[in-house]
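J.: Here it is, the structure in full.
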Amino acid sequence: MANNNFNPWEIKGDIDYTKIIKQFGLKPFDKLLPKLNDYLLFRRGLIYCHRDFERIEKAIKNKKQFAMMTGLMPSGKFHFGHKMVADQTIMYQKLGAKVYVAVADIEAYNSRNPDVDKLRKDAIEEYLTNYVALGLDLKKCDFYFQSDRSKDGKKAGAYYSLANMLGRHTTFNQVKAIYGDISPAKLSSALLQASDMLHPQLKEFEGKPLPVIVPVGVDQDPHLRLTRDVAHKYPGYDFVPISSTCHVFLPGLKGGKMSSSDENSFIALTDSPEIAAKKIKKFAFSGGRETLEAHRKYGGNPDVDVSFLLLKFGLEEDDDKLKEIYDAYKEGRLLSGELKKYTIEKLENFLVEHQKNRIKAKKEVKKFLAKL
Ligand code: TRP
């Protein structure tokens, strides 16, 4: 069933996570593999539901081969919203996954941005460079553009053949039920994305069917439903069904949606510490009360406070400290200005460190691309 508030190319309204879990047949997490609790996105519930994640936990536990796949559609600057997928990519790499990263340049062309040169440049300078600066190991990563899968003709052929043959195993009615109204261009990118997610299992790539985890925001879940369905019906190969997880979205600075076209709705990982501080002071939505007296008396709302959320999504790694801040804010002991000051400090430290790492990352990326 299509959801009226979003599809993979557009998010319109508020997302009711509980409703979506039911509507799409996703599963909430109950007990996590202890190892996963080392990662804050998991232990803070920011990755909140899944399909067939048991298979991935088993692979991690038994040290069996598995892969992680993600794709990125460059849309300008790389910001803290994008960082969530990068963090998960690096996490799975550390947990032993072979990582596949696709630049969805064909999808971007088909769905929103026909300026392919610009988006390929952004993919490298913004996305890949930041992934590496955050800790992605390029040696254990298969990075490609949808438009240019591989110099190896056998590999490229396998990927594009799959993309072109999966369509036989769905119908227009099914596609409409999953996506709602969909253009031919978007449909062809949906099938290409299905090949992105499935092709690591082919003999030309990992050599055999194996578990693959695709972490996404819930807007991408329609792609997973289509992919799982066509893979199941595809007669030529015994694919292991794709596993996935969904993470919650980091809201935009002003509350509501983060939008790549509004610089003041996000903090980019290349923003200078000064600009970042200014953005927090001026724009970060506050869950504090109208007046100091009211705040002291009734307390604030950390759950909608964007400065607090930035801490929760990763800037504050210490759970005890995070809880202390949460409670103090809620009880009115911590003021909005004080919370912002703390977040700004954390943010500045992070950006200074990250931007240092970017200098090294740029060199690594350059070397890597020369060999691609
Ligand atoms: N559709 C994704 C996006 O809009 C990009 C993408 C392409 C992708 N192929 C993928 C994501 C495979 C996950 C797995 O961002």
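J.: Only residues of region 334-372 count here: report those whose backbone N is under 15 Å from the spot 7 Å along Cα→Cβ of R296, or say none.
T.: Under 15 Å, as judged by backbone N against the label point of R296, lie 334-338 of region 334-372.
J.: Expressed in nm to one decimal, what extension gain is obtained for the pair K367 and D30 from 0.36 nm per residue of sequence separation less their Cα-Cα distance? Working shown, then result.
T.: On the way: separation 337, 0.36 × 337 = 121.32 nm, distance 4.29 nm.
So the extension gain works out to 117.0 nm.
J.: For region 263-359, go through all pairs of different Cα atoms, get the mean of 1/r, take its inverse, and jot down that Kirkwood value in Å. Each step should come with its number before you reach the end.
T.: Working: mean 1/r = 0.0731 Å⁻¹.
Its Kirkwood hydrodynamic radius stands at 13.7 Å.
J.: Shifting gears a bit: Using modelled backbone amide H atoms (1.01 Å from N, in-plane), which distant-in-sequence or interchain residues come within less than 5 Å of G255's amide H?
T.: For G255, the qualifying residues are F285.
J.: By how many degrees, 0 to 90 and rounded to 10, does the Cα axis of helix 153-165 deviate from the longest principal axis of the chain?
T.: So the helix axis and the longest Cα principal axis differ by about 80 degrees.
J.: On a 0 to 90 degree scale, rounded to 10, what angle separates helix 80-94 from the longest Cα axis of the chain?
T.: Taking the Cα atoms of the chain, the angle to 80-94 is about 60 degrees.
J.: How big is the gap, in Å, between the Cα center of region 214-237 and the Cα center of region 147-192?
T.: Region 214-237 and region 147-192 have Cα centres separated by 11 Å.
J.: Give me the net charge for the shell around K94: Cβ to Cβ below 11 angstrom, other residues only, Lys and Arg +1, Asp and Glu -1. Walk me through the numbers on the way to the answer.
T.: Numbers: positive: K35, K140; negative: D38, D87, D137.
Local net charge: -1.
J.: As I understand it, the value is the acute angle between the Cα axis of helix 319-330 and the longest principal axis of the Cα atoms of the chain; what does it come to in degrees, rounded to 10?
T.: For 319-330 against the chain, the angle is about 50 degrees.
J.: Related question: If amide hydrogens are placed 1.01 Å from N in the peptide plane, which non-local residues have theirs closer than 5 Å to the one on C49?
T.: The list, which skips near neighbours in sequence, is C246.
J.: Right, another one. Give me the percent of accessible area attributable to carbon and sulfur for region 112-165, probe 1.4 angstrom. All intermediate terms of the calculation are to be shown ahead of the outcome.
T.: Numbers: 1340 of 2660 Å².
So the carbon and sulfur contribution to the accessible surface is 51 percent.
J.: What does the convex hull of the alpha-carbon atoms of the chain project to on average, in nm²?
T.: 18.3 nm²
J.: Roughly how many Å is it from the Cα centre of region 254-273 to that of region 19-54, as a whole number?
T.: Cα centroid to Cα centroid, the span is 27 Å.
J.: Let me ask you something else. Calculate, for region 6-249, the solvent-accessible area per residue in square angstrom, rolling a 1.4 angstrom probe over the heavy atoms of the protein chains.
T.: On the way: 10350 Å² over 244 residues.
Here the residues of region 6-249 average 42 Å² of exposed surface.
The values are calculated or read from the model by the stated rules, or taken from the named source; none is laboratory data. From a predicted model like this one, the values you see are computed outputs, not experimental measurements. Neighbour counts are summed over all protein chains in view; Cβ atoms, including those assigned to glycine, are modelled from backbone coordinates with ideal geometry. Just the protein is used for accessible areas: all its heavy atoms, side chains included, with ligands, DNA and RNA removed. Shrake-Rupley method; radii C 1.70, N 1.55, O 1.52, S 1.80 Å.
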